[in-house]
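The structure appears right after this line, and notes come after that.
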Amino acid sequence: MENGAAADVAAAAVPRHVAIIMDGNGRWAKSRGLPRFEGHRRGVEAVRRTVEAAGELGIEALTIYSFSSENWSRPAAEIADLMGLMKRFIRNDLATLHAKNVRIRIIGERHPHDGEVSALLDEAEQVTQANTGLTLAVAFNYGSRSEITRAAQRLAAEVEAGRLSAADITTDRLAQELDTVGLPPLDLVIRTSGEQRLSNFLLWQAAYAELVFTPVLWPDFDRGVLEQALAEYRRRDRRFGGIGAATP
Ligand code: IPE
Ligand code: IPE
Ligand code: MG
């Protein structure tokens, strides 16, 4: 194999876009007799480690599920803790992430519930928008069904205004209306804590993503666990409906 082709194969082995359902903070805390807050606090430390590792491993985009549209159903005190941690994360880490050339994107619906969080998320996006390193997409108040519904509403409004015909609504056109527009195609979804479901995360984008489930609880996640997931990804034969590279 000539060098160019070898390099192509090596590059293809690293997923361009990885998404993580960061689950198990509460169970991590409970197993240690600690309050759930402690699990969430340690979860933020796992986010720092993972962002660093993802950049070093050559991943282009990392999407992290930080708060779902369904998480509003948790007790008010826990929601307040999670909002507090999100604010603290942006305040403490924005300068460092910016210095590391990380581009922050926010996906999900802005919620009137906490204007201060929204303002900080907007600031993080604006400050880092010209960066060219790892893209860190933070899914906050994110729900896939709501994302697709909002996209459909915008397209319907275009049709209503006479600027678009129904026949122009292709899969590519709809994808352009999703919050993830501009991110590379999703290659790999990792969920921690042993749960094996998507919980309303990137349903459209994950159509042909590989799914890796690990029993590791999110506060224990680190570069080693990420590398194990990437190794599992490399062993998969992605067929996209075809007959696949491994088939003679
Ligand atoms: C993930 O941990 C963090 C969020 C969903 C915000 P959990 O809080 O869901 O932890 P478990 O699932 O109760 O262990
Ligand atoms: C998914 O975890 C949401 C996030 C990781 C932010 P949950 O803990 O909310 O998911 P379910 O309720 O177990 O499906
Ligand atoms: Mg959970």
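Take Arg110 and decide whether it is open to solvent by 60 Å² or more (accessible area, probe 1.4 Å) and at pLDDT below 95.
yes
Is at least one residue of region 222-231 more than 19 Å from Val14 (Cβ to Cβ) and part of a loop (DSSP other than H, G, I, E, B)?
No - not one qualifying residue is present in region 222-231.
For region 1-26, enumerate the residues that are of a type in the set (Val, Ile, Thr), open to solvent by less than 70 Å² (accessible area, probe 1.4 Å) and either within 16 Å of ligand 1 (Cβ to nearest atom) or modelled with pLDDT under 95 (or both).
Those that are of a type in the set (Val, Ile, Thr), open to solvent by less than 70 Å² (accessible area, probe 1.4 Å) and either within 16 Å of ligand 1 (Cβ to nearest atom) or modelled with pLDDT under 95 (or both): Ile20, Ile21.
List the number of the failed condition for Leu202; all other conditions in (1) in contact (Cβ under 8 Å) with a residue 40 or more places away in the chain; (2) within 20 Å of Arg145 (Cα to Cα); (3) open to solvent by 10 Å² or more (accessible area, probe 1.4 Å) hold.
The failed condition is (3).
I need the full set of residues from region 55-70 which are charged (D, E, K, R) and touching a strand residue (DSSP E or B) at 6+ places or on another chain (Cβ under 8 Å), in order please.
Glu60
Only one of these is open to solvent by 70 Å² or more (accessible area, probe 1.4 Å) and either of a type in the set (D, E, K, R) or within 30 Å of Glu52 (Cα to Cα) (or both): Arg173, Arg145. Name it.
Arg145
If the Cβ limit is 9 Å and pairs must be 6+ apart or interchain, which residue in region 51-75 that is closer than 20 Å to Ile148 by Cβ and part of a strand (DSSP E or B) pairs with which residue that is more than 16 Å from ligand 2 (Cβ to nearest atom) and open to solvent by 80 Å² or more (accessible area, probe 1.4 Å)?
Between residues of region 51-75 that are closer than 20 Å to Ile148 by Cβ and part of a strand (DSSP E or B) and residues that are more than 16 Å from ligand 2 (Cβ to nearest atom) and open to solvent by 80 Å² or more (accessible area, probe 1.4 Å), the close pairs are Ala61/Arg16.
Regarding region 129-142, can at least one residue be identified that is outside any loop (DSSP other than H, G, I, E, B) and farther than 22 Å from Val189 by Cβ?
So far as region 129-142 goes, no, none of its residues is outside any loop (DSSP other than H, G, I, E, B) and farther than 22 Å from Val189 by Cβ.
Please go through region 27-79 and pick out each residue that is open to solvent by 20 Å² or more (accessible area, probe 1.4 Å), in contact with a Leu (Cβ under 8 Å, 6 or more places away or on another chain), away from ligand 1 (no atom under 13 Å from the Cβ) and not charged (D, E, K, R).
Gly55, Leu57 - these are the residues of region 27-79 that are open to solvent by 20 Å² or more (accessible area, probe 1.4 Å), in contact with a Leu (Cβ under 8 Å, 6 or more places away or on another chain), away from ligand 1 (no atom under 13 Å from the Cβ) and not charged (D, E, K, R).
Glu116: in a helix (DSSP H, G or I), open to solvent by 30 Å² or more (accessible area, probe 1.4 Å) and either free of Cβ contacts under 8 Å to residues at least 40 places away in the same chain or more than 16 Å from ligand 3 (Cβ to nearest atom) (or both), yes or no?
The answer is yes for Glu116.
Kindly evaluate Val189 against the criterion of being in a strand (DSSP E or B), within 18 Å of Ile107 (Cα to Cα) and open to solvent by less than 20 Å² (accessible area, probe 1.4 Å).
Criteria met by Val189.
The values are calculated or read from the model by the stated rules, or taken from the named source; none is laboratory data. Worth saying up front: this structure is predicted, and the values here are computed from it rather than measured. Here Cβ is always computed from backbone atoms with ideal geometry, including for glycine, and neighbour counts include all displayed protein chains. Each accessible area value is taken on the protein alone, full model and side chains, heavy atoms only, with ligands, DNA and RNA left out. Shrake-Rupley method; radii C 1.70, N 1.55, O 1.52, S 1.80 Å.
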